[in-house]
Amino acid sequence: LIAKLAKVPGIESTHIGAWPGAVASDGVRLLGTLTHDAMAAFYRTRAHVFFHPSDRENCPNAVLEAISTGLPVIAGRAGGTRDIAGGAAVTMDDDDVSAAAARMRDGYWRCLDEARAAAPRYSIDAAAREYAGIFERVLGG
C-alpha cells in the first residue's frame, strides 16, 4: 500500500525501515533503518503525514510515536488505532489510498492541530509518569 500511495498525484512517499524485497519500490524513497532519534527528527522536520496502513495491529507503537512528534496519520482500521489517533488521523476504507489521501488533504490542518495537541500525551515523559503512578499505586508507595 505504501507503493500505491507513492502513485497518488502530489504525494512524495518515504519509507523508513526494511523494504519487502518482493514489492516494487517505484516512486518510494527508501531511507532504510534509522535510529530512534533520527526517525523522530525526520518526523519533526521532513514529514508531513505518517502513513500506517496496517489492518492487523491493534495498538501500533508507530502511530503513537508519530503522534508524539505532532505528525498527523493516515491509518488502517485495525483494532484501537482510531481510538489511539482520534482526530489526528484519517482512516482508510478497504485499502483505498487515494480516498484516504484526499480526506487527509481536506482535513490536514485539523488533523495537524489534533496531532500537535495530542503530542504531549504520547511523549516518553508522559508514559514514564503514567508507569510511575501505576507502580506507586500497586506498591503502595
What ³J(HN,Hα) values, in whole Hz, does the Karplus curve 6.51 cos²θ - 1.76 cosθ + 1.60 give for segment 93-104 when θ = phi - 60°, with x put for Gly and Pro? 10, 6, 6, 8, 5, 5, 5, 5, 5, 5, 5, 5
Let me make sure I get this right: for segment 42-104, a, b and c are the square roots of the gyration tensor eigenvalues over alpha carbons, sorted descending. Under 1.5 in a/c it's rounded, otherwise prolate if a/b > b/c, else oblate. Which is it? oblate
With θ set to phi - 60° and the Karplus curve 6.51 cos²θ - 1.76 cosθ + 1.60, what are the ³J(HN,Hα) couplings of segment 4-13 in order, to the nearest whole Hz, using x for Gly and Pro? 5, 4, 5, 8, 6, x, x, 9, 9, 10
Distance from segment 54-70 to segment 1-40 (C-alpha centre basis), Å: 16
With springs connecting C-alpha atoms under 10 Å apart, model the chain as a Gaussian network and identify which of Ala128, Ala102, Ala40 has the largest mean-square fluctuation. Ala128
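What percentage of the solvent-accessible surface of the chain, computed with a 1.4 Å probe over protein heavy atoms, is contributed by carbon and sulfur atoms? Walk me through the intermediate numbers first.
Details: 4510 of 8610 Å².
Here carbon and sulfur together make up 52 percent of the probe-accessible area.
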Please sort 65-76, 116-127 by packing, taking for each peptide the average over its residues of neighbouring beta carbons within 10 angstrom, highest first. 65-76, 116-127
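Compute the FRET efficiency between Ala41 and Asp83 as 1/(1 + (r/R0)^6), taking r as their Cβ-Cβ distance and R0 = 30 Å, and round to the nearest 0.05. If you can, show how the numbers build up before the last one.
Values: r = 28 Å, r/R0 = 0.92.
So the FRET efficiency works out to roughly 0.60.
Based only on Cα atoms, what mean projected area does the convex hull of segment 29-141 have, in nm²?
Average projection, Cα convex hull of segment 29-141: 8.3 nm².
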Glu57 label point, 7 Å along Cα→Cβ, cut-off 20 Å on backbone N: hits in segment 111-141? 112, 115-116, 118-128
Averaged per residue, what accessible area in Å² does the chain show with a 1.4 Å probe, protein chains only? 61
Which ³J(HN,Hα) values, rounded to whole Hz and listed in residue order, are derived for segment 35-49 from phi using the Karplus coefficients 6.51, -1.76 and 1.60 in 6.51 cos²θ - 1.76 cosθ + 1.60 with θ = phi - 60°, glycine and proline given as x? 5, 4, 5, 5, 5, 4, 5, 4, 4, 6, 10, 10, 8, 10, 8
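Length gain on complete extension for the stretch Tyr131 to Arg105, per 0.36 nm per residue less the alpha carbon to alpha carbon distance?
Extending this stretch completely gives an extra 5.7 nm.
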Asp93 versus Thr33, label points 7 Å from Cα toward the beta carbon: distance in nm? 3.9
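The values are calculated or read from the model by the stated rules, or taken from the named source; none is laboratory data. Given the structure is predicted, the values throughout are model-derived calculations rather than measurements. Glycine also receives a Cβ, built like all others from the backbone with ideal geometry; neighbour counts cover every protein chain displayed. Side chains included, ligands, DNA and RNA excluded: accessible areas come from the protein's heavy atoms. Shrake-Rupley method; radii C 1.70, N 1.55, O 1.52, S 1.80 Å.
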